[in-house]
1. Name the residue that is modelled with the lowest pLDDT, counting only residues in segment 47-88 that are in a loop (DSSP other than H, G, I, E, B) and closer than 30 Å to residue 122 by Cα.
2. Does residue 94 fit the bill of being modelled with pLDDT under 95 and either crowded, with 19+ Cβ neighbours inside 10 Å or in a strand (DSSP E or B) (or both)?
3. Is it the case, given these coordinates, that residue 104 is out of contact with any strand residue (DSSP E or B) (no Cβ under 8 Å at 6 or more places or on another chain) and modelled with pLDDT under 75?
4. Looking only at residues that are at pLDDT 95 or above and part of a loop (DSSP other than H, G, I, E, B) in segment 124-139, which one is nearest to the chain's Cα centre (by Cα)?
5. Test of understanding: among 109, 43, which residue is in contact with a strand residue (DSSP E or B) (Cβ under 9 Å, 6 or more places away or on another chain), outside any helix (DSSP H, G or I) and either at pLDDT below 90 or within 17 Å of residue 130 (Cα to Cα) (or both)?
């Protein structure tokens with residue numbers, strides 16, 4: 001199926017109860033707290049247009065929603081697996097930054113077993129963190 005043939009949600013699978021992630025992220029009483037500090041999203045040597053864009057950062061919350069929706073669907077995954085679940089809407093190099101923002105906001109966390117971060121090999125064979133929804137995101 002081509003990307004332009006998909007309608008509605010990125011995923012057809014039913015969402016888990018209670019209170020799915022999209023409801024939590026769109027709740028005006030409990031909006032996502034995504035890091036929107038402009039200095040974290042634009043370098044000092046970036047052009048003025050990039051610095052202006054860093055101040056608008058609406059995309060960060062939308063992309064956090066996409067990450068949470070993907071993790072709701074797949075359970076957990078590396079940035080490569082999340083990118084695959086999003087059908088390439090966000091590429092792994094973009095997900096590195098957006099996952100860090102979502103983690104800082106408490107929406108996702110690195111999966112752990114006995115206090116040790118879980119990793120899986122990425123396409124290059126290097127270990128990649130495995131991300132999962134935090135309990136905060138689903139509540």
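1. First, the residues of segment 47-88 that are in a loop (DSSP other than H, G, I, E, B): 47, 57, 75, 78, 86-88.
Retained after the next criterion (residues that are closer than 30 Å to residue 122 by Cα): 57, 75, 78, 86-88.
Details: 57: 61, 75: 96, 78: 97, 86: 95, 87: 94, 88: 89.
This residue is 57.
2. Numbers: modelled with pLDDT under 95: yes; either crowded, with 19+ Cβ neighbours inside 10 Å or in a strand (DSSP E or B) (or both): no.
Against the criterion (modelled with pLDDT under 95 and either crowded, with 19+ Cβ neighbours inside 10 Å or in a strand (DSSP E or B) (or both)), residue 94 does not qualify.
3. Details: out of contact with any strand residue (DSSP E or B) (no Cβ under 8 Å at 6 or more places or on another chain): yes; modelled with pLDDT under 75: no.
No; evaluated as a whole, the condition is false for this residue.
4. Quick first cut of segment 124-139, residues at pLDDT 95 or above only: 125-133.
Then drop every residue that is not part of a loop (DSSP other than H, G, I, E, B), which leaves 125-126, 130.
Working: 125: 22, 126: 21, 130: 12 Å.
Filtering first and then ranking leaves 130.
5. Numbers: 43 fails: in contact with a strand residue (DSSP E or B) (Cβ under 9 Å, 6 or more places away or on another chain).
Just one listed residue meets the conditions, 109.
The values are calculated or read from the model by the stated rules, or taken from the named source; none is laboratory data. Here the structure is a predicted model, which means the values were calculated and not measured. Methodologically, a virtual Cβ is constructed for each residue, glycine included, from the backbone with ideal geometry; neighbour enumeration extends over all protein chains shown.
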